[in-house]
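What follows is a set of notes on a single structure, which appears directly below.
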Amino acid sequence: MTIHIGDTTPNFDIETTKGTINFHDWIGDSWCFFFSHPADFTPVCTTEMGRTAQLASEFAARNTKSIGLSTDTVEEHNKWILDVNDTQNTNVEFPIVADPEHKIAQLYDMIHPSESNTAAVRTVFIIDPNKKIRLMMTYPMSVGRNFDEILRVIDSMQLSDKHTIATPADWRPGGEVIIPPTITNDVAQDMFPQGWNEVRSYLRFTKVD
Ligand code: BEZ
């Protein structure tokens, strides 16, 4: 199945380390950070799981629930979580999907055969409370993800929803934002009474809170 930005995220019922869940019901009114990783008891994955747990308060501040996936069983996940907690000095509280038959990995196109026929690559899906896929990132097995970037893109999308803006390259919270070209200057006057800096007619910067 090909998944695109803007699609309703495919739903499923599955066993996790926190019991059986229905994905859409579990997301509820939150945003969701859904990420796959190749296998339990592997070094890069251990650091990623630990980092997700360490950032629990940052995800909560963004009304975002985290959920991991690998193609191992709940029993393996639970043993591995003890190691993650121990080595990364944290406490993994979020669920990890058990997908030994690759049902969800196939559904979400997480198996990339040139990398592995059985282990998932490192994909990220950010899903909004309407269950829409808002962002996808795919990393090879050798590259651990940048969690500053994961929080940054959630901040950008939530700000964009609030103010109908876009964010420029390397934007950080508090930085200038862009008025999209679809908004005319007439309309922008109502939406952005604080004004803007018009570098070109299609390149207008403003500030929002
Ligand atoms: C890791 O998580 O360390 C890893 C997993 C599969 C391939 C390479 C690295």
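The values are calculated or read from the model by the stated rules, or taken from the named source; none is laboratory data. This is a predicted model, so every value here is computed, not measured. Counting neighbours? That spans all protein chains shown, and the Cβs are built from the backbone with ideal geometry, glycine included.
Assorted remarks:
- Here Trp26 meets the list (1) crowded, with 20+ Cβ neighbours inside 10 Å; (2) out of contact with any helix residue (DSSP H, G or I) (no Cβ under 9 Å at 6 or more places or on another chain) almost entirely, failing just condition (1).
- Qualifying residue in the stretch 40-52 (condition: closer than 18 Å to Val121 by Cα, more than 16 Å from the ligand (Cβ to nearest atom) and in contact (Cβ under 8 Å) with a residue 12 or more places away in the chain): no
- Test result for Val124, in the same structural domain as Ser57 (by TED's automatic domain parsing), at pLDDT 95 or above, within 13 Å of the chain's Cα centre (by Cα) and not polar (S, T, N, Q): yes
- Pairs with Cβ under 7 Å, 6+ apart, first in the stretch 100-119 and farther than 15 Å from Pro10 by Cα, second within 15 Å of the ligand (Cβ to nearest atom) and not in a loop (DSSP other than H, G, I, E, B): Ile111/Ala105
- Residues within the stretch 12-51 that are assigned to a helix (DSSP H, G or I), of a type in the set (Gly, Ala, Ser) and out of contact with any Ser or Thr (no Cβ under 9 Å at 6 or more places or on another chain), tallied: 0
- Scanning the stretch 186-196 for residues that are in contact (Cβ under 8 Å) with a residue 12 or more places away in the chain, outside any loop (DSSP other than H, G, I, E, B) and over 24 Å from Arg134 (Cα atoms) yields a single hit, Ala188.
- Selection within the stretch 63-80 - over 22 Å from Leu107 (Cβ atoms) and crowded, with 21+ Cβ neighbours inside 10 Å: Trp80
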